[in-house]
1. From the list 107, 103, which residue is within 20 Å of the chain's Cα centre (by Cα), modelled with pLDDT of 95 or more, in the same structural domain as residue 219 (by TED's automatic domain parsing) and more than 24 Å from residue 261 (Cα to Cα)?
2. Taking the residues in the stretch 70-93 that are over 16 Å from residue 256 (Cα atoms) and touching a helix residue (DSSP H, G or I) at 6+ places or on another chain (Cβ under 8 Å) as candidates, determine which candidate is modelled with the highest pLDDT.
3. For residue 296, which of the numbered conditions (1) surrounded by fewer than 17 Cβ atoms within 10 Å (Cβ to Cβ); (2) outside any helix (DSSP H, G or I) fails to hold?
4. In the stretch 194-212, which residues are more than 24 Å from residue 177 (Cβ to Cβ) and buried (at least 17 other Cβ atoms within 10 Å of the Cβ)?
5. Just to be sure before I move on: is residue 323 in contact (Cβ under 8 Å) with a residue 40 or more places away in the chain, surrounded by fewer than 16 Cβ atoms within 10 Å (Cβ to Cβ) and over 28 Å from residue 37 (Cα atoms) in the structure I sent?
6. Considering every residue within the stretch 172-187, establish whether at least one is surrounded by fewer than 16 Cβ atoms within 10 Å (Cβ to Cβ), without any contact (Cβ under 8 Å) to a residue 60 or more places away in the chain and in the same structural domain as residue 40 (by TED's automatic domain parsing).
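The values are calculated or read from the model by the stated rules, or taken from the named source; none is laboratory data. Given the structure is predicted, the values throughout are model-derived calculations rather than measurements. Cβ coordinates were reconstructed from backbone atoms using ideal geometry, including for glycine residues, and neighbour counts include every protein chain displayed.
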């Protein structure tokens with residue numbers, strides 16, 4: 001395209017229809033999502049002193065459709081057609097079109113939860129540096145009724161809570177510990193100790209801040225893991241806020257598809273499907289035979305030995321309102 005043509009298009013003197021076939025002449029508008037713009041920069045509270053806020057975003061539901069159709073236009077004109085295509089993409093794991101949408105968040109999160117968060121290596125991250133700056137003067141505190149007990153069957157999970165009487169003692173000691181650690185940190189700084197060394201005894205409950213930019217496909221993967229009921233409560237609180245208060249506003253059709261086909265869906269292995277088919281056919285003996293062949297029903301001194309795969313499958317049977325054939 002000549003410079004003269006470019007000038008005329010920019011000034012509105014020449015429309016793209018005046019130069020057929022010249023796709024460079026199209027004037028594109030940046031996708032704008034009014035419902036997300038309404039909370040742009042607004043701190044959405046999480047836990048006692050954390051937050052998530054949207055700094056910027058690129059793309060919307062129409063961008064996903066546009067990418068899927070490999071088109072320069074706005075995609076279909078009917079929302080129902082866009083919805084059907086997005087659901088098809090999600091259902092059949094066609095993930096590339098979802099990568100056309102990106103969001104940049106500013107988060108404040110406790111360091112222990114941030115350690116889990118940062119394991120998702122598919123984002124661009126810039127974290128607040130306590131080597132160069134004073135550490136955030138805030139630490140997450142646990143209410144007396146929210147001290148969780150260790151799960152007896154899951155080494156990395158929790159189950160139930162301590163009684164509030166015990167919790168009050170723990171919460172009081174927690175506050176004292178955090179205050180003592182902060183005072184030691186600030187005393188070191190006043191004596192001229194380097195920030196990179198003064199920080200070393202700050203507790204993992206100390207809040208940190210970061211900018212986190214990620215595309216929608218990888219964000220959905222993050223949410224699928226961190227919104228799961230087995231995820232740690234603290235990071236699940238952040239994931240739920242991001243999903244329900246940000247993504248649901250930003251790309252509602254993609255969010256709906258994600259909830260239907262991933263978040264609330266049930267995945268079955270070939271082994272599990274074979275057992276379910278036997279249960280559905282009323283053949284409990286065959287179901288037990290299959291399970292035994294998988295090594296799920298090995299006997300121990302106190303009944304069946306612990307088997308993680310069997311336990312997870314039993315949860316799926318309960319969800320499907322099906323009887324456990326070996327119970």
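1. 107
2. Applying the filter and picking the extreme gives 74.
3. Evaluating residue 296 over (1) surrounded by fewer than 17 Cβ atoms within 10 Å (Cβ to Cβ); (2) outside any helix (DSSP H, G or I) leaves (1) as the failure.
4. First, the residues of the stretch 194-212 that are more than 24 Å from residue 177 (Cβ to Cβ): 210-212.
The answer is 210, 212.
5. Details: in contact (Cβ under 8 Å) with a residue 40 or more places away in the chain: yes; surrounded by fewer than 16 Cβ atoms within 10 Å (Cβ to Cβ): yes; over 28 Å from residue 37 (Cα atoms): yes.
The answer is yes for residue 323.
6. No, there is no match, as no residue in the stretch 172-187 is surrounded by fewer than 16 Cβ atoms within 10 Å (Cβ to Cβ), without any contact (Cβ under 8 Å) to a residue 60 or more places away in the chain and in the same structural domain as residue 40 (by TED's automatic domain parsing).
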